[in-house]
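Every read-out reported here was derived from the displayed coordinates using simple, explicitly stated rules and does not represent laboratory data. Bear in mind that the values here come from a model prediction, so they are computed numbers and not experimental data. Virtual Cβ from ideal backbone geometry, glycine too; neighbours counted across all protein chains shown.
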């Protein structure tokens, strides 16, 4: 049975954030709020938790997971970022964007795209998610909370608890989130490429 923490969206309670971080460290899967939709998250190095999320969402081995980072300096640890990319990232983070970049050796191999050696990274504009990563001291391995056969992510924490209470260890109620996932931009080519249009306005990023 999943635990259910009601955490203030603007002033997260330190005690509950610490308990949530401990659940992640111990191999638990959490459903937590972001600045777009709710996400599933687990410890960056936990293969068993990663496999459980794949099963829950019916994802194949080619699905790109996202590393949810605290800030740009942490993002640069896990991705190769040139000066042009850095300026773009500085302008659009934190925010509802996922950027696909070339992964560094710091990224566990199973998190990368198996052929391209890329990783999706993002910095959310959400106080609960940022406080949780601050307490963990590292990124959260994440995936949008879109269940099989659904087109939209879940946005109501009470619905999430009802649907996933036997599949996750913790549901964080940080208020209602948007129904839109992030906008995904691939920065590995010559010019930025739109992979998925979501909440973020990418008109200033894309060529033309």
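Bridge orientation summary for segment 37-138: considering DSSP beta bridges with both residues in this region, about 65 percent are antiparallel. Relative intensity of segment 3-196 on a log10 scale, I(q)/I(0) at q = 0.11 Å⁻¹, equals -0.44, per a Debye sum over C-alpha point scatterers of equal strength in the absence of solvent.
From least to most packed, judged by other beta carbons within 10 angstrom and beginning with the fewest, 169, 106 follow the order 106, 169.
Which shape class applies to segment 142-194: rounded if a/c is under 1.5, otherwise prolate when a/b exceeds b/c and oblate if not, where a ≥ b ≥ c are the square roots of the Cα gyration tensor eigenvalues? Cα axes put segment 142-194 in the prolate bin. Relative to the longest principal axis of the Cα atoms of the chain, the long axis of helix 47-57 lies at roughly 90 degrees. Highest mobility in the GNM of the chain, judged by mean-square fluctuation with C-alpha springs under 10 Å and restricted to 177, 42, 69, is found for 177. Using only Cα atoms and rounding to the nearest 10 degrees, what angle (0 to 90) does helix 83-92 make with the longest principal axis of the chain? So the helix axis and the longest Cα principal axis differ by about 40 degrees. Take every DSSP beta bridge whose two residues both sit in the chain; close to 60 percent of them are antiparallel. Rounded to the nearest 500, the 222 nm mean residue ellipticity of the chain from helices alone is -8000 deg cm²/dmol, with -39,500 (n - 2.57) taken per DSSP H run of at least 4 residues. Averaging sequence separations of C-alpha pairs under 8 Å and six or more residues apart, then dividing by the length of the chain, give the relative contact order as a whole percent. That works out to 33 percent. For the pair segment 27-68 and segment 120-160, the centres of their Cα atoms are 9 angstrom apart.
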